[in-house]
Amino acid sequence: MNEIASFCQSFKKDFTPRVQDARQPIRCWSEKDVLNGKVVDAYVIILRTRGCSWAMASGCTMCGYFNDSMFTAVSEEDLRSQFKKAMQNYKGERIIKLFTSGSFLDPHEIPILVQYEILSALTEQAEKISVESRPEYVTEKMLAVVQKIMSSKVFEIGIGLETSNDLVREKAINKGFTFHDYKKAATLLKKHKMNVKTYVLMKPPFLTEKESLDDCIRTTKAIAPYTDLVSLNPTNVQRHTVVEYLWKRNQYRPPWLWSIVEFLQQSKNIADAFVKCDVVGGGSMRGAHNCGTCDRKVLNAIEDFSLSQKQDALNNLTCDCKEKWHDQLDLENLSFGSLVDFSRWKP
């Protein structure tokens with residue numbers, strides 16, 4: 001195991017999961033999304049599983065979703081109970097997004113029989129079903145069965161590629177698979193007429209703001225032939241992660257909201273895919289942020305663009321801190337790593 005993998009694993013050694021109810025989902029809510037070019041309601045379900053298999057082996061430098069995992073086996077009956085309780089609050093939303101702390105298609109998280117039962121139930125409800133999976137679980141055998149279950153419904157699998165650069169993915173993120181693995185999985189999904197959503201990570205540790213912005217743009221160009229949707233994920237500081245370790249030592253700053261705006265402004269000239277960004281923790285010190293004064297205005301513009309795909313939503317965004325962001329992009333070339341936001345830092 002290499003150094004960064006060992007470092008990621010070290011945060012799990014003394015980790016004690018909270019006492020949690022294995023028969024209750026983590027969370028469910030309704031939000032806006034886009035289907036066939038129209039803004040519609042989407043229902044989001046996060047099931048509580050044993051956790052991501054990769055996280056249990058070592059994990060990614062920025063991912064703390066294992067904090068909500070059981071870290072022990074969850075029975076088929078408990079998973080069925082979670083799904084049943086989640087669907088009690090379903091109000092006919094046209095899209096259902098079903099997430100876990102890892103991969104829905106991982107049989108160690110969701111047994112295959114339960115996967116089939118859940119997907120079969122969902123086909124009787126929403127028009128589009130979206131799940132997530134690492135590429136190693138996207139197989140010909142699995143997709144052939146899922147294709148029969150889903151029938152004429154839109155089925156989407158999100159893959160956390162993060163970057164097309166294998167060196168960055170291995171050394172800065174510790175993702176555990178290659179760009180070739182992603183392309184193989186995406187090609188299989190296309191073969192079975194399923195949609196591909198690709199997560200692109202902005203600001204992994206050890207990259208400067210400018211390096212990360214450029215990497216997101218290069219990645220979007222590289223995945224254009226393979227993906228239907230690009231979801232930009234700005235890094236937020238999650239508990240018990242390498243990113244939090246660095247952040248607490250003033251060695252990491254989450255991305256500027258201006259970097260997200262710059263990426264979104266360039267994205268439509270790079271790929272024909274739908275491009276969106278959900279900023280988790282936006283405006284806080286642990287999430288993507290600017291100076292604090294303009295954060296809400298910029299976050300609203302990012303949300304508007306993500307639903308409308310109209311560049312107009314990003315126009316006329318101004319603030320004195322935008323010049324500071326420009327200065328940082330220039331100054332980082334003279335420093336080592338990303339500059340920290342001391343102006344808003346409260347130890």
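Just so you know, all these numbers are worked out from the coordinates, no wet-lab data involved. All figures in this text were calculated on a predicted structure; none of them were measured in a lab. Neighbour counts run over all protein chains shown; Cβ positions are idealised from the backbone, glycine included.
Enumerate cysteines in the chain without a disulfide-compatible partner, where compatibility requires another Cys Cβ under 4.7 angstrom.
For the chain, the answer is CYS8, CYS28, CYS52, CYS216, CYS277, because their Cβ atoms have no other cysteine Cβ under 4.7 Å.
For the chain, calculate the relative contact order in percent as a whole number, restricting contacts to Cα pairs under 8 Å that are 6 or more residues apart.
Worked out over the chain, it gives 14 percent.
Of HIS240, ILE45, ILE217, which is farthest towards the positive pole of the chain's charge dipole, taken about the Cα centre with +1 and -1 on the beta-carbons of Lys, Arg and Asp, Glu respectively?
Projecting each Cα onto the dipole axis, the largest value belongs to ILE45.
Does anyone have the angle between helix 209-223 and the longest principal axis of the chain? Alpha-carbon axes, 0 to 90°, nearest 10?
Between helix and principal axis, roughly 40 degrees.
I'd like the distance between the alpha-carbon centres of the stretch 281-324 and the stretch 33-47, rounded to an integer number of Å.
First find each Cα centre; the distance between them is then 22 Å.
I need ARG134, ARG94 ordered by Cβ neighbour count within 10 Å, fewest first.
Taking fewest neighbouring Cβ atoms as first place, the list is ARG94, ARG134.
When the Kirkwood hydrodynamic radius is evaluated over all pairs of different C-alpha atoms of the stretch 100-154, what value in angstrom, to one decimal, is obtained?
11.5 Å is the Kirkwood radius here.
Can you put TRP325, TRP256, TRP247 in order of Cβ neighbours within 10 angstrom, beginning with the fewest?
Fewest to most other Cβ atoms nearby, the residues stand as TRP325, TRP247, TRP256.
Explain nothing, just the number: relative contact order of the stretch 1-127, from Cα pairs under 8 Å at least 6 residues apart, as a whole percent.
Dividing the mean separation by the residue count of the stretch 1-127 yields 30 percent.
Sorted from fewest to most neighbouring beta carbons within 10 Å, what does the list LEU47, LEU161 look like?
By the 10 Å Cβ count, ascending: LEU47, LEU161.
Can you give me the relative contact order of the stretch 107-185 as a percent, contacts being Cα pairs under 8 Å and 6 or more apart?
Relative CO of the stretch 107-185 lands at 33 percent.
What are the ³J(HN,Hα) values, in whole Hz, obtained from phi via the Karplus relation 6.51 cos²θ - 1.76 cosθ + 1.60 with θ = phi - 60°, for each residue of the stretch 75-84 in sequence order, with x given for Gly and Pro?
In residue order, the calculated couplings are 5, 4, 5, 5, 5, 4, 4, 4, 5, 4 Hz.
Please give the Cα centre distance for the stretch 122-161 versus the stretch 63-88, rounded to the nearest Å.
Here the two parts' Cα centres lie 19 Å apart.
Once phi is turned into θ = phi - 60°, what whole-Hz ³J(HN,Hα) does the Karplus curve with 6.51, -1.76 and 1.60 give for every residue of the stretch 240-256, x standing for Gly and Pro?
6, 10, 4, 4, 5, 4, 6, 4, 5, 9, 6, 10, 8, 10, x, x, 6
Determine ³J(HN,Hα), in whole Hz, for all residues of the stretch 87-97 in sequence, where each value follows from phi through the Karplus function 6.51 cos²θ - 1.76 cosθ + 1.60 and θ = phi - 60°; x replaces Gly and Pro.
My calculation for the stretch 87-97 gives 6, 5, 9, 6, 10, x, 4, 6, 10, 10, 10 Hz in order.
To the nearest 10 degrees, how steeply does helix 179-191 sit against the main Cα axis of the chain, on a 0 to 90 scale?
50 degrees
Rounded to the nearest 5, what % of DSSP beta bridges with both residues in the chain are antiparallel?
So the antiparallel bridges amount to about 25 percent of the total.
What is the dipole size for the chain, taken about its Cα centre, with +1 at each Lys and Arg Cβ and -1 at each Asp and Glu Cβ, in debye to the nearest 20?
500 debye
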